[in-house]
1. Could you please let me know if residue 189 is of a type in the set (Ser, Thr, Tyr) and under 17 Å from residue 157 (Cβ atoms)?
2. All but one of (1) crowded, with 19+ Cβ neighbours inside 10 Å; (2) over 30 Å from residue 136 (Cβ atoms) hold for residue 69; which doesn't?
3. Could you grab me the full set of residues in segment 209-229 that are in a helix (DSSP H, G or I) and without any contact (Cβ under 8 Å) to a residue 40 or more places away in the chain?
4. Would you point out which residue out of 283, 243, 288 is small (Gly, Ala, Ser), farther than 25 Å from residue 209 by Cβ, in contact with a strand residue (DSSP E or B) (Cβ under 9 Å, 6 or more places away or on another chain) and not assigned by TED's automatic domain parsing to the domain that holds residue 194?
5. Kindly provide the set of residues from segment 1-26 that are closer than 19 Å to residue 204 by Cα and among the acidic types (Asp, Glu), ordered by number.
6. Hey, could you check segment 228-283 for residues that are in contact with a Phe, Trp or Tyr (Cβ under 7 Å, 6 or more places away or on another chain) and small (Gly, Ala, Ser) and say which is surrounded by the fewest Cβ atoms within 10 Å (Cβ to Cβ)?
7. Out of the residues in segment 234-260 that are hydrophobic (A, V, I, L, M, F, W, C) and modelled with pLDDT of 95 or more, state the one that is nearest to residue 207 (Cα to Cα).
8. I need the full set of residues from segment 72-96 which are part of a helix (DSSP H, G or I), free of Cβ contacts under 8 Å to residues at least 40 places away in the same chain and surrounded by 15 or more Cβ atoms within 10 Å (Cβ to Cβ), in order please.
Amino acid sequence: MGTIQLKNIVKKFDKNVVIKNLNLQIKDGSFTVLVGPSGCGKSTTLRMITGLDEPTEGDILIDGQKINDLTPGKRDIAMVFQNYALYPTMTVKENIEFGLENKKVSKEERSARVKEICGIVGLTDYLDRKPATLSGGQRQRVALARAMVKKPKVFLMDEPLSNLDAKLRGQMRVELIKLHRKLGTTFIYVTHDQVEAMSMADDIVLMKDGEIVQQSDPRSLYLNPNSIYAAQFIGTPQMNIISDVLEDGIQLGFRPEKAFLEKIKEEHISLDGIIITKELLGSEIIYSCKSQYGMLMSKSSLEVSEEESVEISIPVSSIYLFDKNGKRLTVDENSKKKVLKNFMAGAEKK
């Protein structure tokens, strides 16, 4: 079991409040990703779970047991750091079994565990090598194996792939997904990279300024963001937002892949634009379009030339409405169409 609860957590460094009354529940066996910009409190939250930092207020529980006063070594968790933290003078085998030696695990048991774990992560042929002779991906596997060999309730990972190149990061994401499925253990992963969050997590916790903005599965977060912040943090390019054009400060949002540069059959609104730049991304092209509402982004497979005039078509069903504070508005279709009718009336005069 590896269910984790954070209840009314506050964390202060001197007078600086980093975490503000945070309440979070992480399900047993989940792959939960804490994501957000630098300084949002995600790494501090992780460090409090490990015991490396203490909460100023509130309680942390694993499987219902309060662990605030337990040292890191007694919390039945394993941490994988960004810099791997391997001992350079030790072999791969010695690095992996070091923690077991400290726990006085027998030599036979250590050897059995190391053999089992190295088979899982593909390190069997590297046991006698030193870390300096390994690639970045191999060193990451050693760090994972060192954590896995302890058979903890919870794995905690703090931006473990950030030191790898783009190709290797992609490969390691796949490896971590497979590893989680094989182990069935609770994974808590910290990153500022939305691609990592969306591709690996089954539960995403989006943070800002020491608070949780939204917690949901990746698909729900993408399709049903509860705010402009959530809508623009997830998705590349970020969601288009049109502000300061409607009464009561209502704002319109739509994703670039729903900004079509050709006529569409379904009910839609249309805006005039001029192609300013284009970025070729294989089968898709990202266009920057100058409109009467500023620069809008479109992601399309359609080939259009720079400086060409276009009609941007956005399906009514793909348009989001937000209030003046950036909070998502939930309205029925008739109310939504009325708002868009007023918007288009203003667009024609503009």
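1. It is true that residue 189 is of a type in the set (Ser, Thr, Tyr) and under 17 Å from residue 157 (Cβ atoms).
2. (1)
3. 218, 219, 220, 221, 222, 223 - these are the residues of segment 209-229 that are in a helix (DSSP H, G or I) and without any contact (Cβ under 8 Å) to a residue 40 or more places away in the chain.
4. Exactly one residue qualifies, and that residue is 288.
5. none
6. Looking at residues that are in contact with a Phe, Trp or Tyr (Cβ under 7 Å, 6 or more places away or on another chain) and small (Gly, Ala, Ser), I get 235.
7. Within segment 234-260, the match that is nearest to residue 207 (Cα to Cα) is 239.
8. 93, 94
The values are calculated or read from the model by the stated rules, or taken from the named source; none is laboratory data. Just so you know, these numbers come straight off a predicted model, no measurement behind them. Here the Cβ is made from the backbone with ideal geometry for all residues, glycine too, and neighbour counts use every protein chain on show.
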